[in-house]
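Scroll down for the structure; my scribbles are underneath it.
The values are calculated or read from the model by the stated rules, or taken from the named source; none is laboratory data. Quick caveat: nothing in here was measured; it's all calculated off a predicted structure. All Cβ positions, glycine included, derive from the backbone under ideal geometry; neighbour counts span all protein chains shown. When the accessible area is computed, the model is the full protein with side chains, heavy atoms only, and any ligands, DNA or RNA have been set aside. Shrake-Rupley method; radii C 1.70, N 1.55, O 1.52, S 1.80 Å.
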Amino acid sequence: MLSFTVSGFPQLFTLRKPSPRTNASFRIDPPQDPHAPNSSSTNTHASESQHNVSSDDFRKRKSSGRVIGVNRVESVGGVVIGRKKKSKEKVQWVCSNCGYTAGQWWGVCRSCSVSGTMKEFHEAKLGDADINVSGFSVLEDGVGSWLPQQEGELRPLRLAEVNAGLDHLHWRIPLSGPFGNELSRVLGGGLVPGSLTLVGGDPGVGKSTLLLQIAALIAEGHHNGEASPVVYVSGEESVEQIGSRADRLRIESDIYLYSSNDMEDILKKVQSLSPGALIVDSIQTVYLKGIMGSPGGIMQVKECTSALLRFAKKTNIPVLLIGHVTKSGDIAGPRVLEHIVDVVLYMEGEKYSSHRMLRAVKNRFGSTDELGVFEMSHSGLQTVSNASEMFLSEQHLDSEILAGLAVAVIMDGSRTFLIEIQALCLSGSTSSRQVNGIQVNRADMIISVLIKQAGLRLREHAVFLNVVSGLTLAETAGDLAIAAAICSSCLEIPIPNDIAFIGEIGLGGELRVVPRMEKRVYTVAKLGYRMCIVPKAAEKALGTEGLDKMKVVGCRNLKEVINTVFPNITRKS
């Protein structure tokens, strides 16, 4: 039987003009023997009778609006009338910032209130014969044969039962060496088996180098004392390119390299190795067959991450992912990606600086206050021996005095850093202020307090402020150092290089205590400073133990600070 589709009906039927959406399928019967008795007449009468009945039925259904929705197929004189079942596409609008899904477009996301983030994507409704592939179905097909099988029926376990068979001291995978110790500091003590870790950062900051060095540490010695292979999968580089980088880093560990973008293929290849860890570079380059969208799309990223999450939980193998970032510095893709993973690490670094900082934004197994400090060299990432003074310039350390420069003590997580604040005041110049690395509103407030409460005549001065090393000062603990640098430049009296400043400035010129004063002061004393200026309230709480020869001087307001740092001075206009 030969069939084809047209958009109307033949003129031989005495029917009304059909709707253009009505489909008909003609069936051409094979030729019959003309000599057969009554064959032609019998078929003709049967066809006319069937045609009359079906035509009336069709006319009734059409008048009642039921023709298009007919599911059964009827034959009208060799004509098959019905509607072909087609697959439909469901259109959804998803916010690229938070993952909120809506059925229509909105200019502003109704969940996170960010404008211009609603993206359109189509989700097909497949028929019964089609197979809708998801991350879980691919996992079962790819590695279901070698996943550890649970004995008996799964049931909720008491907390005491779980902790009874768990050795918390040796549960994590240790990372040895100075580099491993710095990384373990950020992770909270080591790499957790079965965890899913996401590492993000700007292009070229060193994410691939970091994970390749982590792979070498895991492959050299596992938590049970035995070496275990690590699989490094890249969707962006060839195995030769990865091998060249490993040769430059002098890595000769038991690492398996594989270049693929197919998630199903990756899981099938990994099953025969039973690795100690799996690294995927990057999550935006892999895809699952049957999922709508190209690699890096919202659905692809979500489903691929879900497949890797279940893989990690069922096999107890840690998985580390590399994620691209957007112009604003966020992980590319839906926000749900950061909710799925266990740990989110961000790697930061200035363009013209060799220092790299690794911080935990999310950590289900430890604190998010820790910060790892590394230095990028030709042989990879190296630890910094004394991170507290890495932002101090060598010129300042070698000179005895330098005008317009003050040292502030800030904290990033649990790390303490000493940074330099530079100030330049030009008298007789047009009134202007240029600020780099300091909040403009904060700088204006400190300058206004110096004019009102300290008596400095800065109205006719052009004031320039800068934070050395390109850092951004976000906390208020650097207020006192900013004010001291402005006073030093305005009075043209340099500050000795062995004095540090800690404190917040109020609108009345008073000094206020900032968090973790004790740790800040002890860091300054450890670096060999002679004096540390702090608020008066903090001086009473601090003891003398561990301060060596450093003197802690407490001041109530800015006037006392000026008299302490610049004794016997005459204020200049």
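For the reader, a short list of remarks on this structure follows.
- Exactly one residue out of 283, 322, 266, 279 is more than 21 Å from residue 210 (Cα to Cα), of a type in the set (Val, Ile, Thr) and crowded, with 22+ Cβ neighbours inside 10 Å: that is 266.
Yes/no per residue for (1) out of contact with any Leu (no Cβ under 7 Å at 6 or more places or on another chain); (2) at pLDDT 95 or above; (3) among the acidic types (Asp, Glu):
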position: 455; (1), (2), (3): yes, no, no
position: 473; (1), (2), (3): yes, no, no
position: 489; (1), (2), (3): no, no, no
position: 495; (1), (2), (3): no, no, no
position: 505; (1), (2), (3): no, yes, no
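- Which listed residue is aliphatic (A, V, I, L, M), surrounded by 20 or more Cβ atoms within 10 Å (Cβ to Cβ) and farther than 16 Å from residue 213 by Cα, from 381, 337, 358: 337
- Scoring residue 373 on the criteria (1) open to solvent by 30 Å² or more (accessible area, probe 1.4 Å); (2) touching a helix residue (DSSP H, G or I) at 6+ places or on another chain (Cβ under 7 Å) leaves a single failure, condition (1).
- Subset of segment 167-196 that is of a type in the set (Ser, Thr, Tyr) and touching a helix residue (DSSP H, G or I) at 6+ places or on another chain (Cβ under 8 Å) - its residue that is farthest from residue 305 (Cα to Cα): 176
- Within segment 344-386, the residues that satisfy the criterion of being in a strand (DSSP E or B), more than 14 Å from the chain's Cα centre (by Cα) and among the hydrophobic types (A, V, I, L, M, F, W, C) are 357, 371, 373, 374, 376, 381.
- Every condition in (1) among the aliphatic types (A, V, I, L, M); (2) under 26 Å from residue 378 (Cα atoms); (3) at pLDDT below 90 is met by residue 227 except one, and the failing one is (2).
- Comparison of 456, 450 shows that the only residue that is over 19 Å from residue 503 (Cα atoms) and either out of contact with any Phe, Trp or Tyr (no Cβ under 8 Å at 6 or more places or on another chain) or of a type outside the set (Ser, Thr, Tyr) (or both) is 456.
- Selection within segment 452-489: residues that are small (Gly, Ala, Ser) and more than 18 Å from residue 402 (Cβ to Cβ). The member of this set that is nearest to the chain's Cα centre (by Cα) is 474.
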